[in-house]
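A short write-up of the structure that comes next.
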Amino acid sequence: MARIDAERRDLTLTVVVYGAPQVGKTTILHCIQDRVTPEKRGPLVPFGTDFGVAPMLDWLPLELGVIGGWRTSVNLYAIPDQRHADATRRLILADADGVMFAADTQAGRLAENVSAMRSLRDNLDDPDGRSRAVPIVYLYTKCDLPEELQLPREALNLELNPSAHPDFACSALKGEGVLEALHGVISIVMRQYASQRPGA
Ligand SMILES: Nc1nc2c(ncn2[C@@H]2O[C@H](COP(=O)(O)OP(=O)(O)O)[C@@H](O)[C@H]2O)c(=O)[nH]1
Ligand SMILES: [Mg+2]
């Protein structure tokens with residue numbers, strides 16, 4: 001949940017990029033890092049690189065400036081759908097104000113995307129099984145690849161996004177669609193906060 005300092009009007013959000021291994025989560029964070037002026041972001045930090053496995057998470061802190069009168073920062077995390085990161089992802093997802101679900105558009109990766117979506121839902125449930133409605137947007141990644149390798153957006157939405165949350169075609173390598181998706185999820189989170197704290 002967001003950390004709020006009402007006196008100083010500081011708001012710190014947690015946004016998670018979640019998805020199967022190799023969908024491009026770390027590349028998405030690099031893409032955002034490259035496009036934000038250096039004084040508005042920290043370094044990209046990978047955590048848990050021991051044991052020769054992929055990092056348990058990447059962390060990128062961002063300063064968004066003043067939004068609706070609040071000085072707003074974001075802790076952006078990339079978390080893999082991988083067993084070795086189980087405890088970490090539960091902890092961070094429990095704190096998430098918004099999620100960017102990254103799904104690889106390649107047809108051959110559909111099963112992994114579906115499995116990552118299921119584990120996201122499980123991990124967002126609280127311990128007594130109630131699901132938590134966290135704002136979510138979908139990033140359909142690697143849209144720079146040849147068309148014949150990719151599933152159409154409609155097919156991906158049918159399998160992964162039946163509730164029709166906002167979706168964005170993106171290429172983190174080319175820098176397309178990523179900032180739009182980040183902006184999309186933060187706008188939804190900020191609208192939600194404004195409606196929960198009218199007049200704040
Ligand atoms: N063609 C293409 N390849 C990408 C894109 N984003 C990531 N990749 C590649 O996909 C692989 C996995 O990327 P990475 O960011 O490490 O995935 P992660 O495991 O989800 O963090 C790497 O070889 C990247 O270069 C993209 O937008 N287009
Ligand atoms: Mg990674």
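On inspection, Met100 does not qualify as modelled with pLDDT under 95 and under 23 Å from Leu62 (Cβ atoms). For segment 64-103, taking the residues that are of a type in the set (Asp, Glu) and touching a helix residue (DSSP H, G or I) at 6+ places or on another chain (Cβ under 6 Å), the one that is surrounded by the fewest Cβ atoms within 10 Å (Cβ to Cβ) is identified as Asp81. Among the residues of segment 145-171, those that are buried (at least 19 other Cβ atoms within 10 Å of the Cβ) and over 14 Å from Gln106 (Cβ atoms) comprise Asn161, Asp167, Phe168. Contact annotation: residue pairs with Cβ atoms under 8 Å, 6 or more positions apart or on different chains, pairing a residue in segment 1-29 that is part of a loop (DSSP other than H, G, I, E, B) with a partner that is near ligand 2 (Cβ under 9 Å from one of its atoms), are Ala20/Pro80; Pro21/Ala54; Pro21/Pro80. The number of residues in segment 66-92 that are within 16 Å of ligand 1 (Cβ to nearest atom) and under 17 Å from the mean Cα position of the chain (by Cα) comes to 11. Contact map, segment 55-72: residues that are closer than 24 Å to Thr88 by Cβ and in contact (Cβ under 8 Å) with a residue 24 or more places away in the chain paired with residues that are small (Gly, Ala, Ser) and within 16 Å of ligand 1 (Cβ to nearest atom), Cβ distance under 6 Å, separation 6+ or inter-chain. Pairs shown: Pro55/Gly48; Met56/Gly48; Met56/Ala85; Asp58/Ala78. Checked against the criterion of being away from ligand 2 (no atom under 16 Å from the Cβ) and modelled with pLDDT of 90 or more, the candidates Leu11, Leu60, Leu29 yield just one match: Leu11.
The values are calculated or read from the model by the stated rules, or taken from the named source; none is laboratory data. Computed from a predicted structure; not experimentally measured. Note that we place each Cβ from the backbone using ideal geometry, even for glycine, and neighbour counts take in every protein chain shown.
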